[in-house]
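Below is one structure; the comments refer to it alone.
The values are calculated or read from the model by the stated rules, or taken from the named source; none is laboratory data. Note that the structure is a prediction, hence the values are computed from the model and not measured. Ideal geometry is used to build each Cβ from the backbone, glycine not excepted, and the neighbour counts take in all protein chains shown. What goes into the accessible areas is simple: the full protein's heavy atoms, side chains included, and nothing from ligands, DNA or RNA. Shrake-Rupley method; radii C 1.70, N 1.55, O 1.52, S 1.80 Å.
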Amino acid sequence: MIATATVREAAAAAQRGECLLDVREPAEHAAGHPAGALLMPLALVPLRIDELDRTARVLVICQSGARAHQACAYLASRGFDAVLVDGGIGAWQAAGLP
């Protein structure tokens, strides 16, 4: 089972310096993204996995949750503590987060 975090929990974690991984495409990210989010499109996660800290929690976000869920499953299978940001960017924006 994949762990989840609310957008407010994810925003607080990002403020503390935890990794917030945006697995959307570059154009989506450019149109608006959480401050400090690391862009790594879903298709590139396997190729760029070594950029992530295996000893730290990784909060994963996309537009609605489908791609983030896939990324979390992949990262978890590789030993990461991957957490799905529930509701994605849509929920982030609805909550009025930066």
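With a 1.4 Å probe and all protein chains left in place, how much accessible area per residue does the chain have, in Å²? Provide the component values of the computation, followed by the final result.
Details: 5060 Å² over 98 residues.
Value returned for the chain: 52 Å² of accessible area per residue.
A simple spin-label model places the labels of Ala35 and Arg16 1.8 nm from each other, with each point 7 Å out along Cα-to-Cβ.
Among the trypsin sites (Lys or Arg not before Pro) found in the range 3-97, those both in a DSSP coil and sparsely packed, with 10 or fewer other Cβ atoms within 10 Å of their Cβ, are Arg16.
Computed from the Kirkwood radius of its Cα pairs, the Stokes-Einstein diffusion coefficient for the chain at 25 °C and 0.890 mPa s stands at 190 µm²/s.
Expressed as a whole percent, the accessible area of the chain that falls on carbon and sulfur atoms is 55 (1.4 Å probe). Between the Cα long axis of helix 66-77 and the first principal axis of the chain there is an angle of about 30°, rounded to the nearest 10.
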